[in-house]
Amino acid sequence: METLKLRDDFIKLGQALKAVGYVDSGIEAKEVIIDGLVKVNGEVDTRRGRKLYDGDVVQYDGKEIKIQK
């Protein structure tokens, strides 16, 4: 599991996927999110602008990101 430290109060879902290197671009992030391949806290979320806060867990392609303050 990757840990992503927040610099602000939140990070958007697409930005988080890109920040940890799970996708190469914002366009790729948009595609995998819209295709329903990304889960936030165990549920599919198709909003790339979804705000992630401390304690949220993102799952994509068998990998996980934990968001920490």
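The values are calculated or read from the model by the stated rules, or taken from the named source; none is laboratory data. Fair warning: this is a prediction, and the values are worked out from it, not measured in the lab. Using ideal geometry, Cβ is built from the backbone for each residue, glycine included, and neighbour counts are taken over all protein chains shown. Remember, those area values only see protein heavy atoms, side chains included, never the ligands or the DNA or RNA. Shrake-Rupley method; radii C 1.70, N 1.55, O 1.52, S 1.80 Å.
Worth pointing out:
- In the chain, Cα pairs under 8 Å separated by at least six residues give a relative contact order of 40 percent.
- Straight-line reach from LYS69: taking Cα to Cα under 17 Å and skipping same-chain neighbours fewer than 8 places apart, the aspartates and glutamates in range are GLU2, ASP8, ASP9, ASP54, ASP56.
- Note on Cα extents along the principal axes in Å: of the candidates (i) 35, 25, 18; (ii) 28, 22, 19; (iii) 30, 22, 19, the value calculated from this structure sits at (ii).
- Portion, in percent, of the accessible area of the chain that falls on carbon or sulfur, probe 1.4 Å: 42
- Probing with 1.4 Å while keeping every protein chain in the model, the per residue accessible area of the chain equals 63 Å².
- Summing charges over all other residues whose Cβ lies under 12 Å from the Cβ of GLY21, with Lys and Arg as +1 and Asp and Glu as -1, gives -2.
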